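The values are calculated or read from the model by the stated rules, or taken from the named source; none is laboratory data. Every value quoted in this text rests on a predicted model; they were computed, and no experiment measured them. Please note: Cβ atoms are built from the backbone with ideal geometry, for glycine as well, and neighbour counts cover all protein chains shown. Surface accessibility is based on the protein's heavy atoms, side chains included, excluding ligands, DNA and RNA. Shrake-Rupley method; radii C 1.70, N 1.55, O 1.52, S 1.80 Å.
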Amino acid sequence: MRYTVASTTDISASISKSQKNFDLVMSSAMDLQIKLANDGLAASLDLPDYLNVPDWSIWQDRLVGFSAEPIVMVVSRKDFVGKHVPETRRELITLIRSEPNFFREKVITYDVNTSGAGFLFASQDVRQSDSFWRLAEVFGGIKTKLVCCSGNMLDELESGKSILAYNLIGSYAEQHAKTRRNLQVVYPKDYTLILLRSALIPRESKNKQAARQFLTYLLSERGQSHMTKTTGLLSPKSQSKLNQSNFKPIRLDTGLLVYLDRLKRKRFLREWNEALVQ
């Protein structure tokens with residue numbers, strides 16, 4: 001077996017160019033995955049009925065979500081001693097505005113120009129909140145650092161170069177927080193986006209049957225149980241945990257294509273860059 005790791009944007013670009021090199025594509029960028037499937041580049045999953053995959057986590061037998069992951073904020077405990085840790089985006093805006101020098105060049109988030117996952121989270125923020133662009137302008141005013149990946153954000157927090165990270169994938173944050181007690185993971189109370197990490201089989205895959213067998217195991221009760229125990233990821237079937245009032249699952253449907261429209265994407269990136277890159 002050959003396992004290749006790449007950014008979500010690179011994954012999408014690679015499969016758009018040719019589907020012959022890979023048998024299974026797994027990504028956190030739900031919108032880019034939907035686009036690949038919608039463009040006819042994904043084969044039928046042909047999954048067994050007994051898997052009971054939730055309707056909201058599968059799209060047209062071409063794309064399926066296998067884990068549900070909250071999108072969180074992470075703060076440095078030692079830097080917030082005696083300070084209120086923001087629990088909503090409005091609280092974060094108010095706190096930064098009250099102490100801009102404290103936060104200057106100490107906040108970090110995705111660069112949505114280069115990160116597919118970061119673009120997805122930011123565009124979903126716009127759909128969920130009327131305060132997102134105010135937050136973006138506040139971030140720009142304190143020279144928020146922009147990076148490609150969750151790992152970079154966590155490294156910055158651990159080194160002390162940053163004190164708050166915004167829109168991190170929760171599974172990464174929780175894993176680091178287990179051994180690095182200075183990290184505090186915050187699940188925003190106004191809303192916490194729930195990402196579906198999804199998988200598809202490329203249309204021209206040379207080994208579709210093996211890919212289907214792996215997905216069948218991963219989505220089985222045994223596979224999902226093993227995943228949740230060893231990684232801390234939530235199963236899309238974990239309704240008791242996903243039904244929290246502040247959790248807002250991102251549905252796996254063509255609504256995700258809205259901000260991938262060339263003009264809408266261009267406009268969104270222009271507004272984002274005008275706010276953040278000041």
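When only residues in region 42-61 that are among the charged types (D, E, K, R) and without any contact (Cβ under 8 Å) to a residue 24 or more places away in the chain count, which is surrounded by the most Cβ atoms within 10 Å (Cβ to Cβ)?
ASP61
Which pairs do you get when a residue that is within 15 Å of SER28 (Cβ to Cβ) and free of Cβ contacts under 8 Å to residues at least 24 places away in the same chain, found in region 1-17, comes within reach of a residue that is exposed (fewer than 13 other Cβ atoms within 10 Å of the Cβ) and of a type in the set (Gly, Ala, Ser), reach meaning Cβ atoms under 8 angstrom, with the pair 6+ apart or on two chains?
Matching pairs, first to second residue: none at all.
Out of all the residues in region 194-207, which are closer than 13 Å to SER171 by Cα and not basic (Lys, Arg)?
Those that are closer than 13 Å to SER171 by Cα and not basic (Lys, Arg): ILE194, LEU195, LEU196.
Here is a list: LEU157, LEU164, LEU183. Which entry is in contact with a helix residue (DSSP H, G or I) (Cβ under 6 Å, 6 or more places away or on another chain) and over 18 Å from GLN124 (Cβ atoms)?
LEU183
Tell me yes or no: at least one residue of region 182-202 is among the polar types (S, T, N, Q), part of a helix (DSSP H, G or I) and either farther than 21 Å from THR230 by Cα or open to solvent by 40 Å² or more (accessible area, probe 1.4 Å) (or both).
Taking every residue of region 182-202 in turn, none turns out to be among the polar types (S, T, N, Q), part of a helix (DSSP H, G or I) and either farther than 21 Å from THR230 by Cα or open to solvent by 40 Å² or more (accessible area, probe 1.4 Å) (or both).
I need the full set of residues from region 140-172 which are part of a helix (DSSP H, G or I) and either open to solvent by less than 10 Å² (accessible area, probe 1.4 Å) or among the β-branched types (Val, Ile, Thr) (or both), in order please.
The answer is GLY140, SER150, MET153, LEU154, LEU157, GLY170.
Kindly list the number of the only condition in (1) in contact with a strand residue (DSSP E or B) (Cβ under 9 Å, 6 or more places away or on another chain); (2) within 30 Å of ALA13 (Cβ to Cβ); (3) small (Gly, Ala, Ser) that fails for SER76.
Unmet condition: (2).
Out of region 32-41, which residues are surrounded by fewer than 23 Cβ atoms within 10 Å (Cβ to Cβ), touching a residue at least 40 places away in the same chain (Cβ under 8 Å) and touching a helix residue (DSSP H, G or I) at 6+ places or on another chain (Cβ under 9 Å)?
LYS35, ASN38, LEU41
Kindly establish whether THR216 is more than 17 Å from the chain's Cα centre (by Cα), farther than 28 Å from TRP133 by Cβ and among the β-branched types (Val, Ile, Thr). Walk me through how you get there before you give the answer.
Values: more than 17 Å from the chain's Cα centre (by Cα): yes; farther than 28 Å from TRP133 by Cβ: yes; among the β-branched types (Val, Ile, Thr): yes.
Taking the combined requirement at face value, the residue satisfies it.
Given the conditions (1) in a loop (DSSP other than H, G, I, E, B); (2) loosely packed, with under 14 Cβ neighbours inside 10 Å; (3) out of contact with any Ser or Thr (no Cβ under 9 Å at 6 or more places or on another chain), report the number of the one that SER205 does not fulfil.
Result: SER205 passes all but (2).
As an exercise: evaluate VAL85 against (1) outside any loop (DSSP other than H, G, I, E, B); (2) touching a strand residue (DSSP E or B) at 6+ places or on another chain (Cβ under 8 Å); (3) loosely packed, with under 15 Cβ neighbours inside 10 Å and give the number of the one condition it does not meet.
Condition (1) is where VAL85 drops out.
Scan region 242-253 and give yes if some residue there is assigned to a helix (DSSP H, G or I), open to solvent by less than 50 Å² (accessible area, probe 1.4 Å) and more than 23 Å from ASP49 (Cβ to Cβ), otherwise no. Quick ask: steps written out before the conclusion?
First, pick out the residues of region 242-253 that are assigned to a helix (DSSP H, G or I): 242.
Next, from what is left, pick out any that are open to solvent by less than 50 Å² (accessible area, probe 1.4 Å): 242.
Within this subset, residues satisfying the condition of being more than 23 Å from ASP49 (Cβ to Cβ) are none.
Scanning region 242-253 turns up no residue that is assigned to a helix (DSSP H, G or I), open to solvent by less than 50 Å² (accessible area, probe 1.4 Å) and more than 23 Å from ASP49 (Cβ to Cβ).
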